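> I'd like to ask you about the structure that follows.
The values are calculated or read from the model by the stated rules, or taken from the named source; none is laboratory data. From a predicted model like this one, the values you see are computed outputs, not experimental measurements. When we count neighbours, we look across all protein chains shown, and the Cβ atoms used for this are built from the backbone with ideal geometry, even at glycine.
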Amino acid sequence: MPDFFNEKILKKIKENETDVVQINNFLSPSECNYFLEYFKNLKNRSVGKSEHIEREESTKIFFQLNQTKELQKLYEKLKVHLGEFYVNDFQPHLITSRYPLRLHVDTGKNPNDLIYKNVIIPLEVEYDETSNSHSPPNTIIFKNRWYNQSALFTKSTDNDKDFIIKDKYGNFVDIVNIDIFYQTIKNINNEIIKFENKEFNISNKFKDYIERLTKIKRYNLRTNKHIINNNDFNKEHYEKYLTHQPYEDCKSLEIEKVVETKVGNLIYWDRTRIHCSDNFIKNNVKSKTLLALFTSKTKI
Ligand SMILES: [Fe+2]
């Protein structure tokens, strides 16, 4: 693959690389609750605007670090640990994940951006209370790095049309080609149909939702170029963390750190590191909500 970042920038990106960092109790429980409430209100006020994205698998609410006094204070507090940083290319957001993220990297799309750290602060974890056992979700951060634009890592690179939606029973289902699914359901009204052995309740609202998905342009490049050797991924690690992802996609990857999603903690790692969620659904986690920032070392 040709170099993506310009030579000088790439050198500086590498100079800023460090181990994964975790700071315990960065925010107090009351600060976490304050931000959760604040963003809930912000979302309600932004209905119909483009300040939030609502999907089955996740909700994102976008914000600026200078939009309130409390957020400015948070920015200053983050700088104590991270040093000076900026946000250039992807707006800070609160994300609630209801389905685990797959292997990806958040390196952005600007070859002149001196990308720095992925920063997350978990604010809430919700468990399925009907089950009698559960364990906390984790972020899996790999040793493997990616010096190209933002990417999703998969062996099936020919298809940009797969989406995770919910079936009639509320279970997450991976639809490999949303266009084919939409063509199948578009003339059906208020019926239950079977598609790839799953049942769906086809209402007008559901059809509108699926039609919207067919029009989405993905931000990430899809590539299998992360596979740089023939080494199989550790099978034990796979079974424990990554069963939401095909095993073959994990070839040549090695885990650097498994970081628990602990409310109030600050976690950051180099934006060049490949990462993903663990398969928290299997541990009876319903959702996790965290603040996420993609930072840069200089302002563009
Ligand atoms: Fe990410």
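> Could you check how many residues of the range 113-138 are farther than 23 Å from residue 86 by Cβ and out of contact with any Ser or Thr (no Cβ under 7 Å at 6 or more places or on another chain)?
The number of residues fulfilling the criteria is 9.
> Counting only residues that are among the acidic types (Asp, Glu) and modelled with pLDDT of 95 or more, which one in the range 29-78 is surrounded by the most Cβ atoms within 10 Å (Cβ to Cβ)? Before the answer, list the steps.
We begin by selecting, within the range 29-78, every residue among the acidic types (Asp, Glu); these are 31, 37, 51, 54, 56-57, 70, 76.
Adding the requirement that they be modelled with pLDDT of 95 or more leaves 31, 37, 70, 76.
Values: 31: 18, 37: 10, 70: 12, 76: 10.
Applying the filter and picking the extreme gives 31.
> Something else: Return yes or no: is residue 66 over 24 Å from residue 276 (Cα atoms), touching a residue at least 40 places away in the same chain (Cβ under 8 Å) and touching a helix residue (DSSP H, G or I) at 6+ places or on another chain (Cβ under 9 Å)? Steps first, answer last, please.
On the way: over 24 Å from residue 276 (Cα atoms): yes; touching a residue at least 40 places away in the same chain (Cβ under 8 Å): no; touching a helix residue (DSSP H, G or I) at 6+ places or on another chain (Cβ under 9 Å): yes.
Taking the combined requirement at face value, the residue does not satisfy it.
> On to the next question. In the list 241, 247, which residue meets the criterion of being over 17 Å from residue 162 (Cα atoms) and crowded, with 17+ Cβ neighbours inside 10 Å?
241
> A further question follows. Filter the range 212-248 down to residues that are touching a Phe, Trp or Tyr at 6+ places or on another chain (Cβ under 6 Å) and either within 18 Å of residue 176 (Cβ to Cβ) or of a type in the set (Gly, Ala, Ser) (or both), then give me how many there are.
Going through the range 212-248 one residue at a time, the tally reaches 3.
> When the range 120-153 is examined, which residues are found to be among the aliphatic types (A, V, I, L, M), under 25 Å from residue 37 (Cβ atoms) and within 12 Å of the chain's Cα centre (by Cα)?
Within the range 120-153, the first condition is being among the aliphatic types (A, V, I, L, M), and the residues that meet it are 120-121, 123, 125, 140-141, 151-152.
Now narrow it down to the ones that are under 25 Å from residue 37 (Cβ atoms): 120-121, 123, 125.
Selection gives 120 alone.
> Scan the range 271-287 for residues that are closer than 23 Å to residue 171 by Cα and within 13 Å of the ligand (Cβ to nearest atom) and jot them down.
If the condition is that a residue be closer than 23 Å to residue 171 by Cα and within 13 Å of the ligand (Cβ to nearest atom), then 276, 277 are the ones that fit.
> Check whether at least one residue in the range 238-245 is at pLDDT 95 or above, of a type outside the set (S, T, N, Q) and part of a loop (DSSP other than H, G, I, E, B), and report yes or no.
Yes - at least one qualifying residue is present in the range 238-245.
> Name the pairs: first residue in the range 86-110 and modelled with pLDDT of 95 or more, second residue among the charged types (D, E, K, R) and within 11 Å of the ligand (Cβ to nearest atom), Cβ to Cβ under 8 Å, at least 6 apart or on different chains?
Close Cβ pairs (under 8 Å, with a partner that is among the charged types (D, E, K, R) and within 11 Å of the ligand (Cβ to nearest atom)) amount to 105/271; 105/273; 106/271; 107/271; 108/271.
> Before we move on, is residue 288 surrounded by fewer than 20 Cβ atoms within 10 Å (Cβ to Cβ) and at pLDDT 95 or above?
No; evaluated as a whole, the condition is false for this residue.
> Another question, if that's okay. Can you tell me which residue among 235, 205 is farther than 23 Å from residue 53 by Cα and either under 16 Å from the mean Cα position of the chain (by Cα) or among the basic types (Lys, Arg) (or both)?
Among 235, 205, only 235 is farther than 23 Å from residue 53 by Cα and either under 16 Å from the mean Cα position of the chain (by Cα) or among the basic types (Lys, Arg) (or both).
> Only one of these is within 16 Å of the ligand (Cβ to nearest atom), within 30 Å of residue 4 (Cα to Cα) and in a loop (DSSP other than H, G, I, E, B): 253, 293. Name it.
After applying the criteria, what remains is 253.
> Next question. Condition first: aliphatic (A, V, I, L, M) and surrounded by 11 or more Cβ atoms within 10 Å (Cβ to Cβ). Now tell me which residues in the range 180-216 satisfy that.
Scanning the range 180-216 gives 180, 185, 188, 193, 202, 210, 213, 216.
> Still on this structure, I have one more. What do you reckon, is residue 223 polar (S, T, N, Q) and either loosely packed, with under 13 Cβ neighbours inside 10 Å or touching a residue at least 60 places away in the same chain (Cβ under 8 Å) (or both)? Full working, then the answer.
Working: polar (S, T, N, Q): yes; either loosely packed, with under 13 Cβ neighbours inside 10 Å or touching a residue at least 60 places away in the same chain (Cβ under 8 Å) (or both): yes.
Yes; evaluated as a whole, the condition is true for this residue.
> What single numbered condition from (1) within 16 Å of the ligand (Cβ to nearest atom); (2) at pLDDT below 95 fails to hold for residue 118?
(2)
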